[in-house]
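Okay, so here's the structure we're looking at.
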Amino acid sequence: MTNVKEDLRRELGFWAALTIGAGTMIGAGIFLLSGVAISLVGPGAIIAYIIAGIVCIITAASAAELATGMPTSGGDYFFVSRSLGPAFGAISGIGIWLSLTFAIAFYLVGMGEYLNEFLPIIPPIVGAAGGGILFIWLNVVGAKESGRTQVIVVLTLLVILGIYTVAGAFNMEASNLSPFLPNGYGPISGTTALVFVSFLGFVKIAAVSEEIQEPSKNLPRALIGSVVLVTVMYILIVLVTAGMFPQAEIQAIVDDKRSPLTVAALDMFGPIGAGVMIFAGLLATLSSANASIMAASRINLAMARDRMIPQWLNEIHPKNLTPYRAILVTGGVSLLLLGINQLDTLAKIASVLQLYSYAALNIGCIILRVADPDWYKPSYRMPGTPYLQVIAACGCFGIILASGLLAQIIIALLIGVSLAWYMFWSRPRVEIEYALGLFREKVATHGWSVLFRPAVAYVPEADEASAAGVRLVEANRPRRVMTALANPQHEADLLKLGRYLATGREKSGEVWGIHLVNVPIQTPLNSAREGFAEHPSLARAINIVARKTVPEDVVNGYGAVLSKTSITPIIDVAHDVFGSLMSETSKNQADLLLMGWRGGLNVSQIYNSPMQRIITQTPADVAVLKNRGLGIVDSILIPWGGGPHAQLGLELVLRIARLTGATIHLLRIVKPNVNQQKAQEILAESVAPLVGDYPAVNYQVVAGENIIDTLIKVLDVGNYDLVVIGASHEWRIRNVLFGSIPDVVADYAQCSVLMVRQYLAEH
């Protein structure tokens, strides 16, 4: 019965994707390393950031092409293994994981130092270890990092650092910027390797590429844009900081294990400014450490899925739905690395390990561009290939070679240990298709000129649903209804109602019953699907509705055969349930989204819930059911105002009535001085094109000064089984405070209430 979707669901827009990358990069690096970089190079430290930024911008563009061609949760490791092969993939995967693990230790040490400034009684190493244990626990239990929280963190840091930069620009001394390179050009390469850790994280956007909307447009923009944003910000902050202090004073600050940013904030804004900067540094280290733990666990999952490492690490927690073993291993190693307790050492190791992976990623982009296998169809093509990738790859290797003996030893150990692991463990188990062989064949056949041939981007098929305009209000045609199922108590009624609303007069419609299980952001969707079991209450609800017999489905010749209106179950996992619901509605070209609603049905509750996104962004009509039972439907009340939402309500009422034989009570409330007989004639005439030949329609015109009070009186007198009411045209502040007409009806009525809103295109 379960239908697990193998195609892609897009949940993340451009801004969400941008904040994923920027939120990881705008972290501990700039707070903890800017002073160290200035002490090593002088004001010319900005050159190190420029070099690192250029390498990362090119790498981000390569990652965008790879990610649109291979949308998956594996990120760097997946790209390298599918382009250069499993041996290089093993080196890259282990290197990325170790890089992130060292980076986590680096962030935790920095967090401990900032925490010590807030609470001096807590030693830095204790704060670092305590923070690490807390993050490990949060990731294991599945406390997810929401997109809104990430946006708030990023905006907070941008505001604080922006104020610091602007204020610092007015406190700079030109003499502090001279000499620009007091120690010459020699230290730049080593400093570049040191600060490179400040740029880790942007490829995390590619790791969630399968969840990004319009990837051909949003992926390159988010990847490249996030790197450009932080590069410019880093350059300005370093330049301003270097201009505020003489070289000797910055060296003294660093030797005293303080941050020049905090000292500068103290000078400009006093203790409050210093406290805000310490808070920003603490927030940055917290965000970076948590994001890196999640990213590292995803690398483990991708490698375990390929059998590159033991399957034991691929286990998903049955209750929390998190890769708890991968998180525990990553977190445990990070805690052990706290013993190094040297920020610059941890940063340099994390950087050089990542530099190898970035070099391999750029080379892999060239390999796949030339090989062009059938399974690689990128919708974005990076300009400047292969020249820019070669520049970036050489830059990565150049930084490693110029970073000293320690960096060279680390890379040699990484390659040696990774290859040994691959030969003795992974090689007999790994079976993956990669492009290097096809690349060699094309070069052998056509020569090296194939490197310079232009490539065409593959344009994905247009989403027909997204281009839909205003939908016709017409009760005879069949409809495509997406029914959201979340509460087992109401699933049967929602599915039954969904079939009523989908069935046309002569043709059956289509109904999807969708149940989405929320999965923590720590767990890739594909990994969660592998161990996902069928939701039993959904199967029961579908069986209850499916047992309806054909004779009961045909009423007085006005209804199509209800039993032929199919119900397709969709049971899946999602990081963003509401975003996935909108995506499924659009992807299946459903023209009506039917949902249940718990609690009071009023504007303030809806406006402050994720349902607001669905109502305003879904390219389909929306119906929300306040369910008080749908056993027998003999009498339906629909208040009539004549607007587009009321017209949709009448269409849906006719669909239900045709299949249940219900009497439709069409209510029009007028002022006391209006001729009710004339108003009734106008009402019947105006709705005649919609009602057609359905006979059981009772036209009610009731006079009253106050619409809400009059409606309540009608509800008190009548015995209705269902009320269908169109949404208000506008939800204004007064409606939030006092309640709009649909809200009051929904809360007061003793029967079920269906509030509907017709989809109207922006134009």
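Structure notes:
- Lys257 touching a residue at least 60 places away in the same chain (Cβ under 8 Å), within 30 Å of Gly130 (Cα to Cα), surrounded by 24 or more Cβ atoms within 10 Å (Cβ to Cβ) and charged (D, E, K, R): no
- Of all residues in the stretch 27-43, those satisfying the criterion of being at pLDDT 75 or above, farther than 16 Å from Ile399 by Cβ and open to solvent by less than 10 Å² (accessible area, probe 1.4 Å) are Ile30, Phe31, Ser34, Gly35, Ile38, Gly42, Pro43.
- Pairs with Cβ under 7 Å, 6+ apart, first in the stretch 636-653 and closer than 22 Å to Gly718 by Cβ, second basic (Lys, Arg) and open to solvent by 30 Å² or more (accessible area, probe 1.4 Å): Trp640/Arg668; His645/Arg757
- Residues satisfying the stated conditions in the stretch 647-679, i.e. open to solvent by 20 Å² or more (accessible area, probe 1.4 Å) and either closer than 30 Å to Ala502 by Cβ or in a helix (DSSP H, G or I) (or both): Gln647, Thr660, Gly661, Thr663, His665, Arg668, Gln676, Gln677, Lys678
- Whichever residue in the stretch 436-471 is among the aliphatic types (A, V, I, L, M), open to solvent by 80 Å² or more (accessible area, probe 1.4 Å) and in a loop (DSSP other than H, G, I, E, B) and, among such residues, is modelled with the highest pLDDT: Val456
- Being modelled with pLDDT of 90 or more, within 19 Å of Leu84 (Cα to Cα) and not aromatic (Phe, Trp, Tyr) is a property that holds for Leu414.
- Residue among Ala64, Ala129, Ala87, Ala52 that alone is in a helix (DSSP H, G or I), at pLDDT 90 or above and open to solvent by less than 20 Å² (accessible area, probe 1.4 Å): Ala52
- Residues in the stretch 709-761 that are open to solvent by 10 Å² or more (accessible area, probe 1.4 Å), of a type in the set (Asp, Glu), more than 24 Å from Pro672 (Cβ to Cβ) and modelled with pLDDT under 85: Glu730, Asp747.
- Whether a residue is of a type outside the set (Phe, Trp, Tyr), assigned to a loop (DSSP other than H, G, I, E, B) and touching a residue at least 12 places away in the same chain (Cβ under 8 Å) was assessed, and Gly201 passes this test.
- Gly270 meets each of the listed conditions (1) open to solvent by less than 20 Å² (accessible area, probe 1.4 Å); (2) in contact with a helix residue (DSSP H, G or I) (Cβ under 9 Å, 6 or more places away or on another chain) apart from (2).
- Of all residues in the stretch 685-694 being farther than 19 Å from Val723 by Cα and of a type outside the set (D, E, K, R), the one that is surrounded by the fewest Cβ atoms within 10 Å (Cβ to Cβ): Pro689
The values are calculated or read from the model by the stated rules, or taken from the named source; none is laboratory data. Computed from a predicted structure; not experimentally measured. Heads up, the Cβs are rebuilt from the backbone with ideal geometry, glycines too, and the neighbour counts pull from every protein chain shown. With ligands, DNA and RNA removed, areas are computed over all heavy atoms of the protein, side chains included. Shrake-Rupley method; radii C 1.70, N 1.55, O 1.52, S 1.80 Å.
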